[in-house]
Amino acid sequence: MARALAAVVLAAGLAGACGERGQESLLDKSTLVVGVRPDLPGLGQRLRDGRFEGFDVDVARYVADRLGKKVAFVQALAADRIPLLTSGRADMVLATLSVTPERKTEIAFAGPYYVSYQDVLVPSDARGVDEVRDLKGRRFCSVEGANTAARLLAIHGMTADLVPARDYDECMTKIKADEIDAITTNDVILAGLIRREGGGFRLVNARIGEQNTGIGLRRNDPDGCEALNRAITQMYQDGTAVKLVTKWFGGTPGLDLSIIEIPQFEGCD
């Protein structure tokens, strides 16, 4: 079955539309500068010695190696991700960057390289919470600049008392102090937070809205984009994708990794 799914990815990648090549391609460089998150455990985190680690970091290393390139990492906070590309300070961004029509007007995307869902984090001992509607009217952490609360409230009949926070670290502080009842965002972000805590929390497995995470790159580089798509295809074909997902998120209570969904490529333009 895995071979059949990999073939689907390959076909999707080869079917992507091609645009006109720009003046510069990431294929022309020997070292690729890659923006990654410094603040999300399990996805992209900067260690005290300056090194970066996480799922996105490992994916970046893999695709760069497939292209025969060295890699150098720079931090990419949420607000920095697109400016890093448009200013030329980074060649690629792998930093929980969801593919959206609005972003595609400014940058191009390879992939997606991972499909995830919005989920809800609660304490392990939260009783009577088996699905998201069991939390109707409860206190949810709402991170500034995130649109996860809007998707939560779009669920039919769902209500919530939104408690503001600067970031997800503050959300974790609040839930441990019993100032909120739940946190909602991308499931792998929540999985990273749970694993960092070493337990005490679980996911509800809400699966709210599919999130396609892509590799951001500058526009007008179809050759580079297609090369990245081939590398992502190989990542699924050779089993690396499953190994990396299991390495960084396996064992998270409430996170179902029994099926690693293979992305459908956007196409390069």
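With kT/(6 pi eta Rh) evaluated at 25 °C and eta = 0.890 mPa s, and Rh the Kirkwood radius from Cα pairs, the chain diffuses with a coefficient of 128 µm²/s according to Stokes-Einstein. Positive end of the dipole of the chain (Cβ unit charges, origin at the Cα centre): among 242, 214, 188, the Cα lying farthest that way belongs to 242. Helices in the chain, meaning DSSP H runs of at least 4 residues, each add -39500 (n - 2.57). Divided by all residues, the mean residue ellipticity at 222 nm is -9000 deg cm²/dmol.
For the stretch 17-129, the orientation-averaged shadow of the C-alpha convex hull comes to 9.8 nm² (one quarter of the hull surface). Computed on the stretch 117-269, with alpha-carbon pairs under 8 angstrom and 6+ residues apart, the relative contact order is 31 percent. Among beta bridges identified by DSSP and lying wholly in the chain, the antiparallel ones come to about 60 percent. Exposed loop sites, defined as trypsin sites (Lys or Arg not before Pro) outside DSSP H, G, I, E and B with at most 10 other Cβ atoms within 10 Å, are absent from the longest region of the chain, namely 167-269. Taking the inverse of the mean 1/r over every pair of distinct Cα atoms in the stretch 117-209 gives a Kirkwood hydrodynamic radius of 12.8 Å.
Compute the longest continuous run of the chain that contains no exposed GluC sites (Glu not before Pro); treat a site as exposed when its DSSP state is not H, G, I, E or B and it has at most 14 other Cβ atoms within 10 Å. It works out to 180-260.
For the stretch 117-209, the dipole from Cβ point charges (+1 on Lys and Arg, -1 on Asp and Glu) about the Cα centre works out to 140 debye, to the nearest 20. Modelled label positions at residue 27 and residue 242, each set 7 Å beyond Cα in the direction of Cβ, lie 3.1 nm from each other. Counting 0.36 nm for each residue step from residue 102 to residue 136 and taking away their Cα separation leaves a gain of 9.1 nm.
Laboratory data are not the source of any read-out in this text; all were calculated from the coordinates shown. As the structure is a computational prediction, the values presented were derived from the model and not from experiment. When we count neighbours, we look across all protein chains shown, and the Cβ atoms used for this are built from the backbone with ideal geometry, even at glycine.
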